[in-house]
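The values are calculated or read from the model by the stated rules, or taken from the named source; none is laboratory data. Predicted, not measured: the structure shown is a model, and the values here were computed from it. As a convention, Cβ positions derive from the backbone with ideal geometry for all residues, glycine included, and neighbour counts pool all protein chains shown. Only protein heavy atoms, including side chains, enter the accessible area calculation; ligands, DNA and RNA are left aside. Shrake-Rupley method; radii C 1.70, N 1.55, O 1.52, S 1.80 Å.
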Amino acid sequence: MRSAHRVETVRTAERTLMARLPDGALMQRAAAGLAAACADILPRRVYGSRVVVLTGSGDNGGDALYAGARLARRGAGVTAVLLSPDRTHPAALHALLRAGGTTATPTAADTHISRADLVLDGVVGIGGKGGLRPEAARLAALVAASPATVVAVDLPSGVEADTGEVRGAAVRADLTVTFGTHKPGLLVDPARAYAGSVRLVDIGLTDTLPAAPALESLQHTDVAALLPCPSQESDKYRRGVVGIAAGSARYPGAAVLAVAGALRGGAGAVRYVGAAGDAVLARFPETLVSNTGPKKAGRVQAWVAGPGAGDEAAPVAEALSTDVPVLLDADGLRLADRETVRTRTAPTLLTPHAGEAAALLGITREEVEASRLGAVRDLARAYDATVLLKGSTTLIADPDPAAPVRVNATGTPWLATAGSGDVLSGLAGSLLAAGLSALDAASVAAYVHGLAGRYAADGAPAGAHDVAESIPAAWRDITA
């Protein structure tokens, strides 16, 4: 499990650890890891390379200067651009100068940056908010125009550590070296796109950080432990029967794709109710089809309601009136009554994309995209339900504000294709029917779906049906 912690949590943990260590030891640990990462990513050997350190005030700039000193001792030509000379970390600057490094003013930085092999971004630390000031923004623009490799210290300057928001100009890094634990902004877009690859340096915070992080990201082993596996005694009901109330005369494909996701997701059986029964049976004859509505469809352990439903509100309302978990997607999100969802005793899982989330929250899509972490939390609280917010980084939140939000680590831009979300809904519904909690079902489904998308695309366009057919390959990869 990959974990991320909020800024104040990190600072508290650092203060606790620093009280046990000699003065400056924690910064030296960070600088050593940072310098090693820079040496690894330099396009040629350290000796003779040209390094520019963009240096702000405080400890972030100190980390960068100490790392620059280590590189200078190995023969690199290091120039520190000092944005706040009177507030530069004095001991770190002294170490750089003793190692043979030099300094420059921001106004004289153009030539140094244009010729650099590597730029080390130590402008703003994890407490930075509100975007970069004009002088720093100008340097960020120079860095963007430079061919240099860019390494950010802890997180790129200009992105917000706790929220992943980017409010104006920001440094776009090739590599971010972060210390002790990931910061939420490194895992959530739009900030994630500025971080490049992320390398975590252990500085000894493990024992001082709380057990519950702000964000967590499942890895292969975590997902493998959650995926259902039938036993010798299993029958279709023990494996889970999922009901699909989806599709319409206008959108029969949504029903077919949701059923595909459910069948490939391990359901013991799939019951389909709706107007697309003929299309479903033509593609999947094993499906149990009826037109009686969710209440009279027969025994199920979970319902998926809404994909391609159009304006058919009755099946959505019937599914919500049952005492089994319900997943609401697409039209089902619009057709569901909020108070009905809030008062359900069985779990409810909502799976909106940014536009749907914006409509439910009464804000713009742009606001959701700019603050995805805040949006998924707000929606989970508003509906007292688990929410999977689809997008470039898929986020899953429970309504409890103290619970970690999960961020999905798999996926590909090729998944941005019509019907992909219907497959995800069926897959997550099958996991709900198998007995997983709404949080685990959503997290595992997003992970498997994202990996299946990679298999399906393999560097080229793929349709939603290709994603469904690639679920078994992703499943085998995870459990191998």
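For region 407-474, count all C-alpha to C-alpha pairs, find those more than 18 Å apart, and express that count as a whole percent of the total. Beyond 18 Å sits 28 percent of the P(r) for region 407-474. Taking the longest Cα principal axis of the chain as reference, the axis of helix 420-433 is set at about 70 degrees. Here the accessible area is traced with a 1.4 Å probe on the protein chains. For region 166-321, carbon and sulfur cover 49 percent of it.
How about region 138-182: which trypsin sites (Lys or Arg not before Pro) there are in a DSSP loop, with at most 16 other Cβ atoms within 10 Å of their Cβ?
167
Which of the three applies to region 131-182, rounded, prolate or oblate, going by the alpha-carbon gyration tensor with a ≥ b ≥ c and a/c under 1.5 meaning rounded? Oblate.
Between helix 25-41 and the chain there is an angle of about 80 degrees, using the helix long axis and the longest principal axis of the Cα atoms.
For the peptides 448-457, 45-54, 361-370, residues were scored by their other Cβ atoms within 10 Å and the scores averaged per peptide; the highest-first order is 448-457, 45-54, 361-370. The residues of region 142-287 present an accessible area of 38 Å² per residue when probed at 1.4 Å with all protein chains retained. In terms of packing, defined here as the mean over residues of other Cβ atoms within 10 angstrom, the peptides 179-187, 73-81 line up highest first as 179-187, 73-81. Judged by the mean number of other Cβ atoms found within 10 Å, the most tightly packed of the peptides 387-394, 148-155 leads the ranking 148-155, 387-394.
Our coupling estimate for region 357-366, obtained by passing each phi through the Karplus curve with A = 6.51, B = -1.76, C = 1.60 and θ = phi - 60°, is 4, 4, 5, 5, 8, x, 10, 8, 4, 4 Hz, Gly and Pro reported as x.
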